[in-house]
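J.: Handing you a structure now.
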Amino acid sequence: MRKLLLLCCFLALLAGSVWAQSGTVSGTVTDKSGAPLEAVTVSVVESQKSTLTDLKGNFRIQAAVGQTLRLSYVGAKTLTVKVTSLTHQQFQLDISGNNLNEIVVTGYTAEKKKDLTGAVSVVNVNDIKDIPEGNPMKALQGRVPGVNITESGTPNGAVTVRLRGITTLNNNDPLYIIDGIPTQRGLQEINQNDIESIQVLKDASSASIYGSRAAAGVIIITTKRGRKGTKRIDFDASTSLQYYNSKLTPLNAEQHGEAYWRAAVNDHQDPNNNGIYTYNWNNDYNNPVLTNVIIPTYIDGAHTMKAADTHWFNEISQPSVIQSYNLSVSNGSENGNSLFSLGYYDNRGIIKDTRDQKITARFNSDYNFFNGRLRVGETMNTTFMKDPILPVGDITMLSIIENPIIPIHTVTGGWGGPVAGMDDRDNPVRLIENNKQNINNFGRIVGNAYIDFAILPNLHVKSTYAADFAGNYYRAIQLPYVAGFLSNPANKATQSTDYAMTLTWQNQLTYDLHLGKSAFNFLLGEENIQDKYQNFNGTAQGLALNDINYAYLTAGTSNIIVNGAGSGDALLSYFGKANYTYNDKYLASVTVRRDGSSKFGADNRYAVFPAASVGWRVSQEEFLKGNPIVSDLKLRYGWGQTGNQNIANNATYTLYSSIYGTDPTWDADHGSAYDISGKNSGTLPSGFTSIQTGNPKLKWETTTQSNFGVDFGLFNNKLSGSLDYFIKNTTNILISPPYLAVLGEGGNEWLNGASMKNTGFEAIVSYNTELSRDFRLSLTGNIAAYRNKVTYLPTNVLTGYPGNGTTQTVLGRSINSEFGWVADGLFTTQAQVDNSAAQPGKGLGRIRYADLNNDGVIDDQDRKFLGSSDPNFIYGLNTSVSWRNFDLTFFFQGVQGGLVYNNYKYLTDFTSLAPGSNWGNRVLDAWTPQNPNSKIPALTLVDRNNEGRYSSYFLESGSYLKLRNVQLAYDLKPVLKKVKFQRAQIFVQASNLLRFKSSSFTGPDPENPNNIYPIPVVTTIGINLSY
Amino acid sequence: MKNIKYIVAAVMLLTVASCKKYLDETPQGVIAASNLNTPSNVEGMVIAAYSALGNDHYTYPFSNMWAYGSLRSGDAYKGGGGPGDVSEFNQYETFSLNRVDNGSTDGTWYNLYVGVARANAALALVDNMPTSTYPNKVERQAELRFLRGHFYFLLKILFKRIPWIDESIPKTSYDTISNRSYSSDGLWSKIAADFKFASEHLPVTQSDVGRATKGAAQSYLAKTLLYQAYTQDDNNNVTGIDQSKLALVNTYCDSVINSGQYSLDPDFAQNFLPQYENSKESVFAIQYSVGDGTPQGRVDYGHVLDYPMDVEYGCCGFHSPSDNMVNAFKTDNFGLPLFNTYNNVDVVPTGDYKSITVDPRLDHTIAIPGHPYKYQTNLVYQAAWARAPQSYGSLLSLKEVVAYTDPSFKRLPPFMSSSKNWEIIRYADVLLWKAEALIEMGQEQQALPLINMIRQRAINSTTLLKQADGSATSNYHVDIYRPGINCTWTNDYARQALRFERRLEFAMEGYRFFDLVRWGIAGDYLNAYFSVEKNRTPHLTDAFFKKNRDEYLPIPLNQINFSKGLYKQNSGW
């Protein structure tokens, strides 16, 4: 074979020897990192001959020494070189800042970025791979315009992801497509390091092919696979320290006593009339002066609890460590490739014992047969997670409201707890200690296998079958305890399992056709999805030992109770897609999907979701070719429809459930068992509870979206970016509104109701430059904004939306509108009190509500729309500087505008809304005649003025700017020359290091104003090695 | 074209799953309304309607009504950790702070309508059952109308004007039924009609003791007619007493009395001890249970906050008798109540129940420091068991609680309660309704023996009221009315005696406020109470009863909004 080649060359040489040294020039074109570039145009300037590089970047072309080769590639700086010899040569093109040839996975197929006509954002996975968040979506926060992500600080916490505002009132979570298989489970269940790419399909023209579940957007995740011709071992390790830089400041024991005193004297009540504190004061209610607060030695009559000064939040929280290790091995050849990866993630939690441990293993391979005509492959992903079952919400809440005077332990080592005069609230440290032995085990196995057969070289049939099993198992023991006046001498064992299963079968036919300058891609597909869920749990009491190892149901001797339930739904879909490209210049795409869902009534079971889009690559036109400024310019327009079916599986049916009895502790028993024969115990007769009113006419919620987009590259793509403007109309919004009480239980009914419109724009701009050989700078900024408006509001769903249900409705306003009273400052003089509208409970230092209808009475007619929680815009800025072996990245993210309802204010500003609990230190600065400029209402023990009402007092600015991430990496490759690392880097980084918020926001963090689990600062040191 | 076969195969693959049945997901673990039409399922639906009697919660305790009837009557303070602890009830207690958006009011309204809806759902099914397969049809209809009558009765005394919905009305037109479709009197007639139907079709006895009987229905009918007899205008003023209704009250009470099924328990205590449940005094009671396979037992959840704070119990110190209530148990030298002077001297701060004389029902009703708790001489109630003495004093209510050693006791941390039944109607009530009707008909002489039956039983109820050393807990001295000897039995005097007797006999049992409204004296009575009581406890500083408004709770603002203004607010609100 070699000889033959040589012979050919020789013959060619002979043929060309007519004129000097002429012949075939061969070469390989790569990018700066050495990766081969396909489809680079190589032309000989003199002879006008041209060719394209193949998959491996190789080309051969007839040329002669002295002639000029021109290598051009979309978006890259064109390279011109003189042919100096006919030997095989290496060429490098600078494609930094160019991603036009990037392969983008879109609906069921892949396209090059330059051919896209929809609004698709590609996430630079490199930017986020080192951020040890446990959920890749967290790391994505602020990086993609139009994608709004909010998180909490929980170690395994799921995130809230919103694409282009709120699309519906129901589940707004986007649909995730992981390696082609749709799922709505959160991404914390997979290993962030396994992710090769993330693409966000924001507009309907690109998402519509996912039909009935795509209305809230689609995020496509592709995981890593082995690459042909590579053998590679990657190892990444990092250790992080997380801690708080923001938290609430509750009162200490003495301050709490002082606040109580102030509240009591404001009420003209004897402050000494309480169970704990004694006060030395001047006994003058009109000008009270406190000399000192006397704290007793013991707080309980039995003298078991010494008065303490417990900072409960400090007792339940800790600076803690996150460890993350990943190993991946991959291999690829002509006949196939394989990859195996193993990950371990251990987040010890910022709240003690909220540890999350996760082990993931991933294996995938592809095999080629018959010269690549038949390909089969599979992916197997397993996840195992271990989390203690702690009532974290209770613990964090209690850590703020539990009285500081309560000790953690009694003098004999028992649990401290509330005494008379306090709230019946438990000791949060006890909740941790008594529950930490109860561990939930989560396991998930996702497997898929495909077969892809090329009937013709350009006609493929592919069938994929995927099974996704996810299940929880836990066993728990409830331990007996005494904590203050709270106690429970009984123990209880619980065993619980559940599993969720999704089976997906996809079949598709793809056909590529090139006719002259026209290129067509066709896709025809079918997909069945079946979801099943089942759970079982049992509890038993009367265990002989208080030991988790004994806590099995069979060890129980009394109150043995079992529960089990299940549900299921199915989707059956057909879809098709046609892409057309003319001369790399004019682009068009059409998709259609027909979905059937078991969730809807027989009459409305199927719906069709069409979409179409066009694109014009203006820069390919003659008048712009070679333009020194504009290197790339594309205009896009897309239109499409998507659906939402996120409702209860059985919403079309009127249903009863044989609910025997429910736990009545925090909500009334909804059961139907009754001791009709007066036996007092034993199995009771029971009946059925109405749980739902069916609506057989129920149908899809439909979102219709138009998207106008521009992609541009300027100055040889040094400056590039995209702008998108969208109009999104959602109709038939599914809602289960509050209903008239006379309907009783099960009066809830799903309806197709309102319509709303979102309009918005998104922009992302990147600037990449090489200031010198050693110094590169890259800046990427993005900004997005949307406006929401309810455009149709039928009366049968009015009660489900903000407003008073009659005269003031949300029609024409944002769905996120806030409706309530206007807090018009405080009454600071008696004259103001006397001359204001009648307001039950008004008085000096109380909040004055505005009499909006001027009828002289403050009542529910004085509410109005106060604004909305929609931000004006959200933005992000990523800056990356590399100098020699150093890489420095910092990333800011922010939200501007929008109101947030600051729930903390109930505790930080009032002693009356949670009178038995601890309060925030803002109460020390509350209004008194002696402190007349305070904006905080006068302290009182009784909320006479209904100050907890939904009012502008609690609405504060949600603006913030955060330094989300800063990272410094150092490339070790030059240092470790002896070992042939492909990649060797160490890094330090920090997340959430700096935060700027509006001064009008009085809580710790406007990003999660209602979540007591604050977002920690995470500082990390790590290493990445590839061999 | 050998590839044709591949193409055909590929297209077949794409259409292979076009099976229609793929999308027919049968609902799992639930039952469609259409499947309930079997005799055993219908029986279950009847049970479910009974079950609603006790499906209340501590923020809307309609099973025993303490927060509405006891708390708002001057008999009790809210109790608990302070005025802000379940502040909705502080609004009830003070009246002046009450609001149309009080969450407990909305919860009460909703959950009482859940009871109505359960009865209606079962009735709709029973109505369609043929007697051939469902021989109990008429009896079950009667039981269900009894239950519906009960829920409507509660709604009526709480809210006055309510939407009336029965099983004949399709759910789709519920939103067209206003709370003003019937007049106040018309609503009473609808409720009375349900109890009348029940009284005509229920058996005298039931093998299941929890089921309504003829006697229960007649008693409830008498109660309804008694309330209806006191006519009210639109501003809640009592405008007269309908004598024909009183005559019917008398008739129905007589039917119950003459049935031979009922009698007073020999000792008052037995009404409040679990071992005497379903005694002859129990006309209709909510049947509670524990160890019954439900997560926490079907216990008396409405009273779950009412236990003291000592280590044997632990939460939550609600429902504290007022000083005024305690003073009402004082007796004079004749052993009779001090109608007008009982509250002049407050006995509570002294804690001395030995140097005065009291009705023994005091120690059955109220936990007092130094007195045995729930008749247990080894468990003496302490002042330190109170939750917030600075606001609510040291007393607690006793009738609803049990000894922690009793098998009916159940902890549901942080709360606790018991499976002890709660009486909706006990026979003593029937006797006093008859007495009240007679007095208002000018037949006070016939009322005297009825009232004296109640007092005689009180006289006989001191056996359990002993300290550890066997001595009487308090100085008991109580007697029957002996006209000419210890009193002059005029019509006016009889009315005072009747009203005072009701207060003592049913103290803390949840209906006192509704007696006051029925008699048309709520405003004057309560404002007089507040003027004295607010000097004893700081939490009543704001208390004021607004006449022509506070006789009823407001229609919940939510419901007015959800009805899009179809429901009209009550007078004065």
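J.: Going down the list A:Lys82/A:Lys114; A:Lys138/A:Lys386; A:Lys905/A:Lys962; B:Lys280/B:Lys547; B:Lys156/B:Lys280; A:Lys352/A:Lys842, which pairs span over 32 Å between their C-alpha atoms?
T.: B:Lys280/B:Lys547; A:Lys352/A:Lys842
J.: Then there's this: Please turn the phi angles of the range A:344-354 into ³J(HN,Hα) values with the Karplus equation 6.51 cos²θ - 1.76 cosθ + 1.60 (θ = phi - 60°), one per residue in order, whole Hz, x for glycine and proline.
T.: 9, 10, 9, 10, 6, x, 7, 9, 3, 6, 8
J.: A further question follows. Answer rounded, prolate or oblate for the range A:617-751, using the Cα gyration tensor with square roots of eigenvalues a ≥ b ≥ c: rounded when a/c is under 1.5, else prolate when a/b is larger than b/c, else oblate.
T.: Taking the square roots of the gyration eigenvalues as a ≥ b ≥ c, the range A:617-751 is prolate.
J.: Work the Kirkwood hydrodynamic radius out for the protein assembly as shown: mean of 1/r over every pair of different alpha-carbon atoms, inverted, in Å.
T.: Over the protein assembly as shown, the inverse of the mean reciprocal pair distance is 37.4 Å.
J.: Compute the angle between helix A:2-16 and the longest alpha-carbon principal axis of chain A, please, reported from 0 to 90 degrees and rounded to the nearest 10.
T.: With rounding to tens, the tilt is 60 degrees.
J.: Right, something else. log10 I(q)/I(0), Debye, Cα-only the range A:277-392, no solvent, q = 0.12 Å⁻¹?
T.: Log-scaled intensity ratios, in q order: -0.75.
J.: Hey, what number do you get for chain A at 222 nm if only DSSP H runs of n ≥ 4 count, each worth -39500 (n - 2.57), divided across all residues, to the nearest 500?
T.: Result for chain A, helices only: -2000 deg cm²/dmol.
J.: Give me the dipole magnitude in Debye, nearest 20, for the range A:319-368 about the Cα centre, with unit charges on the beta carbon: positive for Lys and Arg, negative for Asp and Glu.
T.: 300 debye
J.: Check A:Ile178: other-chain or 5+ apart residues with amide H under 5 Å from its amide H, H built from backbone geometry?
T.: Answer set, sorted by chain and number: A:Thr183, A:Ile221.
J.: Run lengths n ≥ 4 of DSSP H only: what is the helix-derived mean residue ellipticity at 222 nm for chain B, with -39500 (n - 2.57) per run over all residues, to the nearest 500?
T.: -12000 deg cm²/dmol
J.: Continuing with this model, one more query. Sticking to Cα atoms, compute the Rg of chain B to one decimal and its Dmax as the biggest Cα-Cα distance, whole number, in Å.
T.: Cα-based Rg and Dmax for chain B come out at 26.4, 123 Å.
J.: Shifting gears a bit: Please enumerate, by chain and number, the aspartates and glutamates with C-alpha under 16 Å from the C-alpha of B:Lys330, excluding those fewer than 8 residues away in the same chain.
T.: In chain and number order, the partners are B:Asp75, B:Asp346, B:Asp352, B:Asp359, B:Asp363, B:Asp479, B:Glu501, B:Glu505.
J.: Also: About the Cα centre of the range B:233-353, how large is the charge dipole given +1 on each Lys and Arg Cβ and -1 on each Asp and Glu Cβ? Please answer in debye to the nearest 20.
T.: 260 debye
J.: Same structure again: Just want the answer: with Cβ charges of +1 for Lys and Arg and -1 for Asp and Glu, which residue in A:Ile198, A:Asn245, A:His268 is farthest toward the dipole's positive end in the range A:176-288?
T.: The Cα lying farthest towards the positive end belongs to A:Ile198.
J.: Let me ask something else. For chain A, with all protein chains present and a 1.4 Å probe, just round the carbon and sulfur fraction of the accessible area to a whole percent.
T.: C and S atoms contribute 56 percent here.
J.: Once you place label points 7 Å from the Cα toward the Cβ at B:Ser181 and A:Gln48, how far apart are they in nm?
T.: Inter-label distance under the simple model: 9.0 nm.
J.: Moving to a separate point now. For the range A:364-502, how big is Rg over Rh, using alpha carbon atoms and the Kirkwood form of Rh?
T.: 1.36
J.: So how tilted is helix A:253-266 from the main axis of chain A? Cα-based, degrees 0 to 90, rounded to 10.
T.: 60 degrees
J.: Need one number: buried accessible surface between chains A and B, 1.4 Å probe, both sides summed, DNA, RNA and ligands left out, in Å² to 100.
T.: Approximately 8600 Å², summed over both chains.
J.: Nearest 5 percent is fine: what portion of the DSSP beta bridges confined to chain B is antiparallel?
T.: Antiparallel bridges make up about 90 percent of those DSSP assigns within chain B.
J.: Using 20 Å as the Cα-Cα cut-off, could you pick out the over-long pairs in A:Lys129/A:Lys436; B:Lys160/B:Lys223; A:Lys634/A:Lys718; A:Lys32/A:Lys973; A:Lys113/A:Lys728?
T.: Distance filter (> 20 Å) returns A:Lys129/A:Lys436; A:Lys113/A:Lys728.
J.: Only Cα pairs under 8 Å and at least 6 apart count here; give the relative contact order of the range A:686-785 as a rounded whole percent.
T.: 28 percent
J.: Listed highest first by mean packing, meaning other Cβ atoms within 10 Å per residue, what order do A:853-861, A:292-300, A:733-741 come in?
T.: Order by mean packing, descending: A:733-741, A:292-300, A:853-861.
J.: Follow-up question, since we're still on this one. For the range B:333-400, evaluate the Debye formula with one uniform point scatterer on each Cα (no solvent term) and list log10 I(q)/I(0) at q = 0.13, 0.23 Å⁻¹, rounded to two decimals.
T.: Once normalised to I(0) and log-transformed, intensities are -0.41, -1.16.
J.: Can you tell me the 0 to 90 degree angle between the C-alpha axis of helix B:184-201 and the longest principal axis of chain B, rounded to 10?
T.: 80 degrees
J.: Now for a different question. Please express the Cα-Cα pair-distance distribution P(r) of the range A:720-788 as a list of whole percents, one per 10 Å bin, running from 0 to the bin with the greatest distance.
T.: The calculated distribution, bin by bin, is 16, 23, 19, 16, 12, 8, 4, 1.
J.: Averaged per residue, what accessible area in Å² does the range B:198-325 show with a 1.4 Å probe, protein chains only?
T.: 28 Å²
J.: Beyond 23 Å, what share of the Cα-Cα pairs of the range B:425-573 is found? Please give it as a whole percent.
T.: Every Cα pair in the range B:425-573 considered, those over 23 Å come to 56 percent.
J.: Starting from the Cα of A:Lys699, draw a straight line to each of the aspartates and glutamates and keep only those under 20 Å, dropping any in the same chain fewer than 8 residues away.
T.: In chain and number order, the partners are A:Asp173, A:Asp531, A:Asp569, A:Asp595, A:Asp603, A:Glu749, B:Asp24, B:Glu25.
J.: Taking amide H positions as placed in the peptide plane 1.01 Å from N, state which residues far from B:Thr377 in sequence (5 or more) or on other chains have amide H under 5 Å from it.
T.: none
The values are calculated or read from the model by the stated rules, or taken from the named source; none is laboratory data. The structure presented is a predicted model; accordingly, all values stated were derived computationally and were not measured. Ideal geometry is used to build each Cβ from the backbone, glycine not excepted, and the neighbour counts take in all protein chains shown. Ligands, DNA and RNA are excluded from the accessible area calculation, which covers all protein heavy atoms including side chains. Shrake-Rupley method; radii C 1.70, N 1.55, O 1.52, S 1.80 Å.
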